[in-house]
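Okay, structure first, notes after.
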Amino acid sequence: MKKQKNHSKIYKIDGVGVNLERFYPCKAFEEKIALREKYGFSSYDFILIYTAEFIPRKNHKLLFDILPNLKQKIPELKVILCGKGELLEFYKEFAVQNKMDYIIFTGYTKDVADFCRLSDVLVMPSFQEGLPMAMIEAIATGLTVVASNIRGHCDVIEDCVNGFLFAAEDKQGFEKALLTLYKNPALRTEMGNRNIERAKTFSLENSLSEMQKIYSTIM
């Protein structure tokens, strides 16, 4: 009997879908200030956030390398690090030894959406990523991004349009981008608004709609 050929086709959708009912921007500046007060932050703080497991490929080291110099230039700097992992205790001890009391380690938390909403910039210096869902969740809250220029990140961020990309080991490029955003709140707002729209591409609603279209063509 002649073997029947199996003709397959690959379909592409934009990720598994982000829940925009959970990750959404503050409706007003006053809402952001209230969130900051709830979690013990000042309206004057310049807050960076990184939501990532503490493992080598997430490259927390680069962030810790630039923070002392960045803190000198930005006295009101605060850094929120969400996540757990094998390197968490190492970095917590490192922060204590180097008097980096402006770093907040949340560990595992269900308040990631709130922490994103009250922050100013998402940082993601990873060495390697797939489609970075943590990034997409963060931009849905209106954050702009400074991230390493790797596959995954550049699928979401266009350099100088809705964030800044830098080479994964470029300390100067990383710091320069953060200082640019610190000095230009209007640019942060502009990029953040673009990201709110960008995140809709990756929404759960959009993903389900795309899957429905695929199933309707093959069934």
Going residue by residue through segment 88-102, is there one that turns out to be assigned to a strand (DSSP E or B) and within 20 Å of the chain's Cα centre (by Cα)?
no
Condition check: touching a Lys or Arg at 6+ places or on another chain (Cβ under 9 Å), within 19 Å of ALA138 (Cβ to Cβ), at pLDDT below 95 and of a type outside the set (Gly, Ala, Ser). Does ASN162 satisfy that?
no
Conditions (1) in a helix (DSSP H, G or I); (2) of a type in the set (A, V, I, L, M); (3) buried (at least 18 other Cβ atoms within 10 Å of the Cβ) -> VAL146 fails only (1)
Of the residues in segment 153-187, those that are within 14 Å of the chain's Cα centre (by Cα) and in contact (Cβ under 8 Å) with a residue 24 or more places away in the chain come to HIS153, ASP155, VAL156, ASN162, GLY163, LEU178
Outside any loop (DSSP other than H, G, I, E, B), under 11 Å from the mean Cα position of the chain (by Cα) and at pLDDT 95 or above: is that true of LEU122 in this structure?
yes
Identify, please: which residue in segment 32-62 is touching a strand residue (DSSP E or B) at 6+ places or on another chain (Cβ under 6 Å) and outside any loop (DSSP other than H, G, I, E, B) and is, among those, surrounded by the fewest Cβ atoms within 10 Å (Cβ to Cβ)?
PHE46
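The values are calculated or read from the model by the stated rules, or taken from the named source; none is laboratory data. In this text, all values refer to a predicted model and were calculated from it rather than measured experimentally. Methodologically, a virtual Cβ is constructed for each residue, glycine included, from the backbone with ideal geometry; neighbour enumeration extends over all protein chains shown.
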